[in-house]
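First up is the structure itself, then whatever we jot down about it.
The values are calculated or read from the model by the stated rules, or taken from the named source; none is laboratory data. On a predicted model such as this, the values are computed, not experimentally measured, just so you know. A quick note on method: Cβ atoms are made from the backbone with ideal geometry, for glycine too, and the neighbour counts reach across all protein chains shown.
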Amino acid sequence: MKEASKYIHPTAEVDAGAQIGKHTKIWHFCHLMSRCKVGESCTFGQNVFIDNNVIVGNGVKIQNNVSLYNGVLIEDDVFLGPSVVFTNVINPRSFIERKNEFKNTLVHKGASIGANATILCGLEIGEYAMIGAGSVVIKDIPAFALMIGNPAKQIGWVSKAGLNLDFDSDGISKCPQTGKLYKLENQSISEVK
């Protein structure tokens, strides 16, 4: 279905009330619940599920087989690789209803999460952080951090372009692609203006 500059594949289910921004593409077998909000210029691969009360920002790319459950907030320009897993209850039991215990998860602007990574609920992924494929995130991740493993451990820092940053003795690094400068101070990264 093509509607006002957005594309929704005929096999996708978009419940009445779901808000979808212009230039967004929703591919095969996706399901968007009625109280979700999706920004502009997003791309959802096949079999993506967006639950009620989920907000997805502008320019977000969600690859195949990703489910965003109630309580997940995705800011602008985030990349979610194939089969990334989000949770929303810290101690689930099939025989105990815990819908009033959902924990919010926030993925900040520009972050990338690799294929098959698992993000436990109640966490924040910092701006432009990069989570490696298959990683299991069990704690908050700082902005620009490069994380890998189970549990995910920080192995470095990346620029907005997603390239490794090597800092000199003054805590300054230059992105090899863009030439932008970054400063590392107190285990926190900032752009040098």
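Summary of values
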read-out: Exclusive hit being modelled with pLDDT of 95 or more, within 23 Å of N116 (Cβ to Cβ) and either small (G, A, S) or not in a loop (DSSP other than H, G, I, E, B) (or both), set S34, S83; value: S83
read-out: Strands (runs of 3 or more DSSP E) fully within the range 121-193 counting 2 or more residues that are farther than 30 Å from E101 by Cα and touching a strand residue (DSSP E or B) at 6+ places or on another chain (Cβ under 6 Å); value: 153-157, 172-174, 181-185, 188-191
read-out: Any hit, the range 93-103, residues being in contact (Cβ under 8 Å) with a residue 24 or more places away in the chain, within 21 Å of F44 (Cα to Cα) and part of a loop (DSSP other than H, G, I, E, B); value: no
read-out: Subset of the range 104-128 that is of a type in the set (G, A, S) and touching a residue at least 24 places away in the same chain (Cβ under 8 Å) - its residue that is farthest from N64 (Cα to Cα); value: G122
read-out: Where T105 falls short, out of the listed (1) surrounded by 21 or more Cβ atoms within 10 Å (Cβ to Cβ); (2) over 23 Å from K37 (Cβ atoms); (3) of a type in the set (S, T, Y); value: (2)
read-out: Selected residue [among the aliphatic types (A, V, I, L, M) and closer than 14 Å to G126 by Cα] from I155, I172, I148, I189; value: I189
read-out: Evaluation of N58 against (1) surrounded by fewer than 22 Cβ atoms within 10 Å (Cβ to Cβ); (2) of a type in the set (S, T, N, Q); (3) within 21 Å of I141 (Cα to Cα) (one fails), failing number; value: (3)
read-out: When residues of the range 129-144 are limited to those that are in contact (Cβ under 8 Å) with a residue 40 or more places away in the chain and aliphatic (A, V, I, L, M), the one surrounded by the most Cβ atoms within 10 Å (Cβ to Cβ); value: A143
read-out: Residues of the range 145-193 satisfying the condition of being without any contact (Cβ under 8 Å) to a residue 24 or more places away in the chain and of a type in the set (K, R); value: K153, K174, K180, K183, K193
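Residue-by-condition table, conditions (1) at pLDDT below 95; (2) assigned to a strand (DSSP E or B); (3) within 17 Å of C121 (Cα to Cα):
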residue	(1), (2), (3)
H23	no, no, no
N52	no, no, yes
N70	no, no, yes
I90	yes, no, yes
